[in-house]
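A quick write-up on the structure given underneath.
Every read-out reported here was derived from the displayed coordinates using simple, explicitly stated rules and does not represent laboratory data. Values in this document were obtained by computation on a predicted structure and should not be read as measured data. Positions of Cβ are generated from backbone atoms using ideal geometry, with glycine treated the same way; all protein chains shown enter the neighbour counts.
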Amino acid sequence: MYNYKNSKANVINILKSPTDIERRDSIPSEDSEFTYENGVICWTSAVFIDIKNSTELFKNHDEKLARLMRAFTSEIITILQKSENYRQIGIRGDCVYGIYSTSKNQDLYDIYIIAAYINTFMNMFNKIIVNYGYKNITAGIGLGCDEELIIKAGRSGTGINDKIWIGKAVIDASNLSSITNRNGFRSIGMSQTFYEKIKNFDDVEKSFSKSSSQDFYNKKQFFYQGNLVLKKMNQWIENGMKE
């Protein structure tokens, strides 16, 4: 039985307890550095990959769909792990995501390249799966970054806990992944903050254009969209993926 009187005391105790917030150059890689009494402020970036028309795709929940989703998530996770700065990789419904410590603009550009790998991988994935009787699938890729407050949350002593990322990095990446690759938008969308930090790298300005869309509150949000692919990898795919 839920003891609501104890619950009141627990809430008040947490609200009165001090929390040591520390600004750091990078997000700690060890979970042990996060407690229920501290928090970290650090530049963070996120990549979200959202499968489009998943309601239709998931209608037939059978062994064939299970194989498809395992193949898809396995390789997306492999790409997301290519940066040593990743701090969390996971699956949320029909989305796969990665969260990274990106204190330098070069770190952020590396995440941009990861998005390009994922976008190019989708070309390869679809060419493979049609040979096994599947229909093509599409995905939107969202990129966000912000100076986030990161805390450990859960219930002490239960083993049930996770990090909460408080800021716009995860929110923007998630929202943009749902917008992109539909309604005429291209496959990759990045937040204004993300774009401003990497726009002077290589051909970023040439590859992405400013766009806008209505957010969940019916307000106009600006972002940058593009369809970047990696040339060498894409040529290999187009030439038949021969060994």
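Between the alpha-carbon centres of the range 46-71 and the range 80-156 there is a gap of 16 Å. If the chain linking S212 and K8 were pulled fully straight, counting 0.36 nm for each residue of separation and taking away their Cα-Cα distance, it would gain 69.0 nm. When a/c reaches 1.5 or more, the comparison of a/b and b/c decides; with that in mind, is the range 1-93 rounded, prolate or oblate per its Cα gyration tensor? Cα axes put the range 1-93 in the oblate bin. Between the Cα long axis of helix 63-80 and the first principal axis of the chain there is an angle of about 80°, rounded to the nearest 10. For the set K163/K231; K64/K232; K206/K242; K52/K210; K64/K163, the pairs lying more than 27 angstrom apart at their alpha carbons are K163/K231; K64/K232; K206/K242; K64/K163.
Farthest towards the positive end of the charge dipole of the range 38-238, among the residues S191, V130, W165, is the Cα of V130, using unit charges on the Cβ of Lys, Arg, Asp and Glu.
Using a Förster distance of 30 angstrom, determine the FRET efficiency expected from the C-beta separation of S17 and R182, and round it to 0.05. Computed FRET efficiency for S17 and R182: 0.10. Length available on full extension from I89 to L65: 0.36 nm per residue minus the Cα-Cα distance, which gives 6.4 nm.
Count neighbours as other Cβ atoms within 10 Å of each site's Cβ, and list the trypsin sites (Lys or Arg not before Pro) in the range 2-33 that are DSSP loop with at most 15 such neighbours. Intermediate results must be reported in sequence, preceding the final value.
On the way: sites: K5, K8, K16, R23, R24; in loops: R24.
Taking the range 2-33 and a limit of 15 other Cβ atoms within 10 Å, the loop trypsin sites (Lys or Arg not before Pro) found are R24.
For the pair N227 and E147, the difference between a 0.36 nm per residue extended length and the Cα-Cα distance amounts to 26.2 nm.
Result for the chain in a Gaussian network model with C-alpha springs under 10 Å: among Y86, Y132, Y112, the largest mean-square fluctuation is at Y132. In summary, the aspartates and glutamates within cross-link reach of K152, defined as a Cα separation below 13 angstrom excluding same-chain residues under 8 places away, comprise D20, E30, D31, E33, E37, D162.
Largest GNM mean-square fluctuation among F185, F72, F58, using the chain with Cα springs under 10 Å: F58.
When the P(r) is computed for the range 40-108, the part past 20 Å accounts for 38% of the Cα-Cα pairs.
May I ask you to give the average projected area over all directions of the convex hull of the Cα atoms of the range 38-238, in nm² rounded to one decimal? Hull-based average projected area comes out at 13.0 nm².
Net charge around W236, counting only other residues with Cβ within less than 15 Å of its Cβ (Lys, Arg = +1; Asp, Glu = -1)? Walk me through the intermediate numbers first.
On the way: positive: K127, K231, K232, K242; negative: E238, E243.
Summing Lys/Arg as +1 and Asp/Glu as -1 gives +2.
Once a ≥ b ≥ c are taken as the square roots of the eigenvalues of the Cα gyration tensor of the range 174-243, is the result rounded (a/c under 1.5), prolate (a/b larger than b/c) or oblate (a/b not larger than b/c)? In terms of gyration-tensor shape, oblate. The magnitude of the dipole of the chain, with charges of +1 and -1 set on the Cβ of Lys/Arg and Asp/Glu and taken from the Cα centre, is near 720 debye. Projecting the Cα atoms of V96, I150, S83 onto the charge dipole of the chain, computed from C-beta unit charges around the Cα centre, puts V96 farthest toward the positive end.
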